[in-house]
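The values are calculated or read from the model by the stated rules, or taken from the named source; none is laboratory data. Note that the coordinates shown come from a computational prediction; the quantities given were computed from them, not determined experimentally. Because the Cβ atoms are built from the backbone with ideal geometry, glycine has one as well, and the counts that use them run over all protein chains shown. The protein model used for the area step is the full one, side chains on, heavy atoms only, and it has no ligands, DNA or RNA in it. Shrake-Rupley method; radii C 1.70, N 1.55, O 1.52, S 1.80 Å.
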Amino acid sequence: MTDTLRPAEVALPEAPDSPQKLKRSIGVVGGTLLTLSCVTPASTLFVVVPDLFGSLGTATALTIAIGSLLCIAVAFCYSELGTLIPSAGGEYAMVSTMAGRLAGWLVFVLSLLVVMIVPPVIAMGTADYLAPIVHLDPSLAGAGVMLLATLAGLLDLRANAWITGVFLVLEVIAAAVVAVLGFAHSERGADSLVSLQVAGADGHADTVTAMLIVSGLAIALFITQGFSTAVYLSEEMENPRRNVARTVLATLAISSVIILVPVIAITLGAKDLTALTGGDIGTMVTTWSNSAVGTFVSLCVALAIINAGIVMVIQNSRVLFASARDKAWPTPVNNVFAKLGRFGSPWVATLAVGVPGAILCFVNLDTLYGITGVSVTAMYLLVAVAALLSRKGHHKHTPAWRMPLWPAVPVLLIAVLTYILSEQETEYLLWTGGITAAATLYWALYLRPRTETRWLVSIPEE
């Protein structure tokens, strides 16, 4: 490996005006609440899953289940790397340390794409679930949610952990209501979960092909993607070498159940294939019960979306803060993004991710979905490569949580993710590839010639 980081113990000394370190203020419970909120089980169920129903029909539950199994391997990689490198930089700090600075930079760009796009994608679903009370334009409603989340993100992290915890309870209740109603009004047997049918344009059943399922796996990975937030928060967690792994794995398990069980219930309870493919979960709930229950579930989902926005803005601002601290940009930009406010939060970085997020609410939703799916898959691929290198050199003896079945897990994950990536639509591959190419050019022309002063990925002490 020719272009790696210098070990932390011989890194350049900090300048007198170096930004402060984030303080460790949350334990495993607070971290789990924040991370679960970033997975946003109910908002994902009600906003993202309906699109999968539209393309995959009865194969939706199977696709999400396969995605969840793949995410176990991904979670193993995150847990090991996150305890080795507990940094607010998340993926880019882990990959930079293990696989070299260019690989880390590309992961940073991919993660920045994800963290900038996912919040507005979720936020735009607010209008649909506020419809029982008020009719709003989806883009305007999404922009409003993003701005509200940005304001909340300026507060103390511990306060936000409890705010999001309360909202999380409400969204879990909403998901549970949907699951109970769906199972209680089952129209078909469990064999329909593997019948792989979707309603065609003429209303007749079409078969869902294996290639469609593989293509849908990119979105399925995105559905449970939020467990990685534990790694972003590792710099603010007490005892990160123990709590990061616990939070990552527990969050994946809980969120998979919260999402998958209602998806199975909806698949069984939809009155026909056309209703299932339409993906209007709110209407299904009203049909199974009454308008009052439908309104309650809709309002819980609206709160869940706001909750998701808050947590995602918190996560995203930490990524941008860490990149400034690690000198990824020209000095004036680094100085601005690394500023901490009175509550200890990176306030400029918070505004820098929240306001553009509000603007992205006016971009075509399908394009946002496609780019996100490709970016998440590529990011997981590079994390798996880093995990494959995590036991080389002095890292082999560093105290950390260690995954079972290494190196088989990262090797298998690399092969599967490469195949999934190859099956994505050309348009979204070109968008993501073009952005990555531009980032590589920035690396070649600006960062690499300044290896002593730029992109110095630091690993904070515990």
Check whether at least one residue in region 249-256 is open to solvent by less than 60 Å² (accessible area, probe 1.4 Å), modelled with pLDDT under 80, in contact with a Phe, Trp or Tyr (Cβ under 8 Å, 6 or more places away or on another chain) and closer than 25 Å to TYR419 by Cα, and report yes or no. no
When you check GLY354 against the structure, is it in a helix (DSSP H, G or I), modelled with pLDDT under 90, open to solvent by less than 10 Å² (accessible area, probe 1.4 Å) and under 18 Å from TRP431 (Cα atoms), yes or no? no
Just one of the numbered conditions (1) at pLDDT below 90; (2) surrounded by 22 or more Cβ atoms within 10 Å (Cβ to Cβ); (3) farther than 24 Å from ALA352 by Cβ is not true of TRP162; which one? (2)
So ALA328 fits all but one of (1) assigned to a helix (DSSP H, G or I); (2) buried (at least 23 other Cβ atoms within 10 Å of the Cβ); (3) in contact (Cβ under 8 Å) with a residue 60 or more places away in the chain; what number is the exception? (1)
Give ILE359, ILE306 a once-over and let me know the one that is touching a Leu at 6+ places or on another chain (Cβ under 7 Å), open to solvent by 20 Å² or more (accessible area, probe 1.4 Å) and in a helix (DSSP H, G or I). ILE306
Assess whether LEU413 counts as being part of a helix (DSSP H, G or I), open to solvent by 60 Å² or more (accessible area, probe 1.4 Å) and not polar (S, T, N, Q). no
Kindly indicate which of ALA349, ALA338 is modelled with pLDDT of 85 or more, open to solvent by less than 50 Å² (accessible area, probe 1.4 Å) and over 15 Å from the mean Cα position of the chain (by Cα). ALA349
If I ask for residues that are farther than 18 Å from ALA174 by Cα, of a type outside the set (Val, Ile, Thr) and at pLDDT 75 or above, which ones from region 11-50 would you list? none
What are the residue pairs meeting all of these: first residue in region 204-229, first residue crowded, with 20+ Cβ neighbours inside 10 Å, second residue of a type in the set (Gly, Ala, Ser) and not in a helix (DSSP H, G or I), Cβ atoms under 8 Å, and 6 or more apart or on different chains? SER228/GLY90
On the basis of being open to solvent by 20 Å² or more (accessible area, probe 1.4 Å), touching an Asp or Glu at 6+ places or on another chain (Cβ under 9 Å) and in contact (Cβ under 8 Å) with a residue 60 or more places away in the chain, does THR398 make the cut? no
Which is at pLDDT below 90, of a type in the set (S, T, N, Q) and within 22 Å of MET98 (Cα to Cα), of SER317, SER323? SER323
Scan region 419-443 for residues that are among the β-branched types (Val, Ile, Thr) and open to solvent by 40 Å² or more (accessible area, probe 1.4 Å) and jot them down. THR426, ILE435, THR440
Does region 77-85 contain any residue that is touching a residue at least 40 places away in the same chain (Cβ under 8 Å), farther than 14 Å from ALA384 by Cβ, open to solvent by less than 10 Å² (accessible area, probe 1.4 Å) and in contact with a Pro (Cβ under 7 Å, 6 or more places away or on another chain)? yes
Among residues of region 284-298, those that are at pLDDT 85 or above and surrounded by fewer than 17 Cβ atoms within 10 Å (Cβ to Cβ), counted: 3
Within region 120-133, does at least one residue satisfy the condition of being modelled with pLDDT of 85 or more, acidic (Asp, Glu) and more than 19 Å from the chain's Cα centre (by Cα)? no
Being at pLDDT 90 or above, under 20 Å from TYR92 (Cβ atoms) and within 19 Å of the chain's Cα centre (by Cα), is that true of even one residue in region 399-413? yes
Checking the structure you have, find out if any residue of region 385-405 is in a helix (DSSP H, G or I) and closer than 25 Å to MET211 by Cβ. no
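Residue-by-condition table, conditions (1) part of a helix (DSSP H, G or I); (2) more than 30 Å from THR451 (Cβ to Cβ); (3) without any contact (Cβ under 8 Å) to a residue 40 or more places away in the chain; (4) in contact with a Leu (Cβ under 9 Å, 6 or more places away or on another chain):
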position: LEU106; (1), (2), (3), (4): yes, no, no, yes
position: LEU112; (1), (2), (3), (4): yes, no, no, yes
position: ILE117; (1), (2), (3), (4): yes, yes, no, yes
position: PRO120; (1), (2), (3), (4): yes, yes, no, yes
position: LEU136; (1), (2), (3), (4): no, yes, yes, yes
position: SER139; (1), (2), (3), (4): yes, yes, no, no
position: GLY142; (1), (2), (3), (4): yes, yes, no, yes
position: VAL145; (1), (2), (3), (4): yes, yes, no, no
Please list, ordered by first then second residue, the pairs with beta carbon atoms under 8 Å, 6 or more apart or interchain, first in region 344-357 and among the small types (Gly, Ala, Ser), second open to solvent by 30 Å² or more (accessible area, probe 1.4 Å) and in a helix (DSSP H, G or I). ALA349/PHE337; ALA352/PHE337; GLY354/LEU147; GLY357/MET116
Restrict the check to region 263-283 and report whether at least one residue is in contact with a Lys or Arg (Cβ under 8 Å, 6 or more places away or on another chain), surrounded by fewer than 24 Cβ atoms within 10 Å (Cβ to Cβ), closer than 26 Å to SER55 by Cα and in contact (Cβ under 8 Å) with a residue 12 or more places away in the chain. yes
